[in-house]
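Student: Take this structure first; my questions come after.
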Amino acid sequence: MKIGNRDFQTSGHTYVMGILNVTPDSFSDGGRWNAPDQALAHAEEMVRQGADVIDIGGESTRPGYTRLSEQEEIDRVVPVIEAVKARFDVPVSLDTYKSKVAQAGLTAGADLVNDIWGLKYDPDMAGIIAQAGVPCCLMHNRETADYGMFMVDLLKDMTETLSLARAAGIRDERIILDPGVGFGKRYEHNLEVIDRLEELKGLGYPVLLGASRKSVIGLTLDLPTDQRLEGTLVTTVFAVLKDCMFVRVHDVESNVRAIRMTEALRHGY
């Protein structure tokens, strides 16, 4: 899969997507990288630590978040996308579920659209992605955590997302799927979907796991967000063993090292 000017394997190696939240209220690092100069410095740090993609988001999607206007979100992300693309030779992902924000971000130079609603929030999103010809990460999400048979229902939901993508003309080789840990799921669902990632991968698309510092780790270990590194690293090891294409993380360097060690043990080199 080509993302920006770089070719990525879809199987056999797990890449690191570094999180750059340009928000004042993210659940984990709200406000730390809100100013453009701070955001650029953090992007530089993540690139130095081995991030393969930088994922830029302008609206917090923590539980109970307040939705921004499209223009406010555009005003947050576009200058940062432009600055990162001008300074670093690294692909940039835009974390948004709004088509107008996606269009503005793509014009600014974003290489991938990361949609937490799997094309189901904004009916124009799929068309924007298809027209731009860029890759996309499509996440599983629901308004409520009501399921009959959890994994059966999740896979059905993702099949619906894939149908929307195909109908709009998004090519299969440009799609990555995300199980949506922490979104529309109860604690036990989050544990189950991480354990059963191979079933999502069985749909025939590469998978991204985004579990970094999330509540499933905090609840399991009874730890606040700033003490969830070890738990995150375990989910990253699971992602490698399940042959995920990406992990989306806050702590780039530690996760890069965990991946290198796991892959060395797994492949014997």
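Student: Among the aspartates and glutamates, which fall within straight-line cross-link reach of K100, defined as a Cα-Cα distance under 16 Å, with same-chain neighbours fewer than 8 residues apart omitted?
Tutor: Cross-link targets: E59, E70, E72, E73, D75, D111, D115, D122, D124.
Student: What shape does the stretch 152-212 have by the C-alpha gyration tensor, where a ≥ b ≥ c are the square roots of the eigenvalues, rounded means a/c under 1.5, and otherwise prolate means a/b greater than b/c and oblate the rest? Numbers along the way, then the final one.
Tutor: On the way: a/c = 2.11, a/b = 1.83, b/c = 1.15.
Prolate shape, in that a/c is at least 1.5 and a/b is the bigger ratio.
Student: Hey, what did the stretch 96-202 get for relative contact order, percent, Cα under 8 Å, at least 6 apart?
Tutor: 27
Student: For the stretch 125-269, what relative contact order do you get, as a whole percent, if you take Cα pairs closer than 8 Å and at least 6 residues apart? Intermediate values should be presented prior to the final figure.
Tutor: Working: 185 pairs, mean separation 29.6, N = 145.
Relative contact order comes out at 20 percent.
Student: Ignoring ligands, DNA and RNA, what percent of the 1.4 Å accessible area of the stretch 39-131 is carbon and sulfur? Present the calculation step by step, with values, prior to reporting the outcome.
Tutor: Details: 1690 of 3580 Å².
Here carbon and sulfur together make up 47 percent of the probe-accessible area.
Student: Also, I was wondering about something else. So for the chain, averaging the separation of alpha carbon pairs under 8 Å that are six or more residues apart and normalising by length, what relative contact order in percent results? Could the numbers behind the result be given before it?
Tutor: On the way: 504 pairs, mean separation 53.9, N = 269.
Rounded, it is 20 percent for the chain.
Student: Here is a further query. Need one word for the stretch 129-252: rounded, prolate or oblate. Basis is the Cα gyration tensor (sqrt eigenvalues a ≥ b ≥ c); a/c below 1.5 gives rounded, then a/b vs b/c decides. List each step's numbers first, then the result.
Tutor: Details: a/c = 2.04, a/b = 1.51, b/c = 1.36.
Because a/c hits 1.5 or more and a/b exceeds b/c, the stretch 129-252 counts as prolate.
Student: Using 0.36 nm per residue of separation minus the Cα-Cα distance, give me the extension gain between K2 and E72 in nm, one decimal.
Tutor: Numbers: separation 70, 0.36 × 70 = 25.20 nm, distance 2.99 nm.
Length gained between K2 and E72: 22.2 nm.
Student: Can you list the lysines whose alpha carbon sits under 19 Å from that of K214, skipping same-chain ones fewer than 8 residues off?
Tutor: Qualifying lysines at Cα under 19 Å: K185.
Student: Continuing with this model, one more query. Pairs to check: K120/K242; K2/K85; K120/K156. Give those whose C-alpha atoms are more than 19 Å from each other in this structure.
Tutor: Details: K120/K242 27 Å; K2/K85 16 Å; K120/K156 14 Å.
Check vs 19 Å cut-off fails for K120/K242.
Student: Counting each DSSP H run of 4 or more residues in the chain as -39500 (n - 2.57), what helix-only mean residue ellipticity at 222 nm follows after dividing by all residues, to the nearest 500 deg cm²/dmol? If you can, show how the numbers build up before the last one.
Tutor: Numbers: 10 runs with 119 residues, N = 269.
It comes out at -13500 deg cm²/dmol, rounded to the nearest 500.
Student: Strictly greater than 18 Å: what percent of every Cα pair in the stretch 35-122 meets that?
Tutor: Numbers: 1543 of 3828 pairs.
Of the Cα pairs, 40 percent sit more than 18 Å apart.
Student: Okay, moving on. If you wrap a convex hull around the Cα atoms of the stretch 178-250, how much volume per residue is inside, in Å³?
Tutor: On the way: hull volume 5.4 nm³, N = 73.
Expressed per residue, the convex hull around the Cα atoms of the stretch 178-250 is 74 Å³.
Student: Hey, another quick one. Only Lys, Arg, Asp and Glu count, each charged at its Cβ (+1, +1, -1, -1), so figure out the dipole size of the stretch 143-269 about its Cα centre, rounded to 20 debye.
Tutor: On the way: 16 positive and 20 negative charges, 70 e Å.
The calculation lands at about 340 debye.
Student: Further question on the same structure: Accessible area per residue for the chain in Å², computed with a 1.4 Å probe and the full protein assembly in place, what is it? Mind showing how you got there, number by number?
Tutor: Details: 11390 Å² over 269 residues.
Normalised by residue count, the accessible surface of the chain is 42 Å².
Student: Let a ≥ b ≥ c be the square roots of the eigenvalues of the Cα gyration tensor of the chain; is it rounded (a/c under 1.5), or, if not, prolate (a/b larger than b/c) or oblate? If you can, show how the numbers build up before the last one.
Tutor: Details: a/c = 1.22, a/b = 1.08, b/c = 1.13.
In terms of gyration-tensor shape, rounded.
Student: For the stretch 118-220, run through the GluC sites (Glu not before Pro) and keep only the ones in DSSP coil with at most 13 other Cβ atoms within 10 Å of their Cβ.
Tutor: In loop regions of the stretch 118-220 (DSSP not H, G, I, E or B), the sparsely surrounded GluC sites (Glu not before Pro) are E143.
The values are calculated or read from the model by the stated rules, or taken from the named source; none is laboratory data. These numbers come from a predicted model, not from an experiment. Positions of Cβ are backbone-derived with ideal geometry, glycine not excepted, and every protein chain shown enters the neighbour counts. We work out accessible area using only protein heavy atoms, side chains counted, and drop any ligands, DNA or RNA first. Shrake-Rupley method; radii C 1.70, N 1.55, O 1.52, S 1.80 Å.
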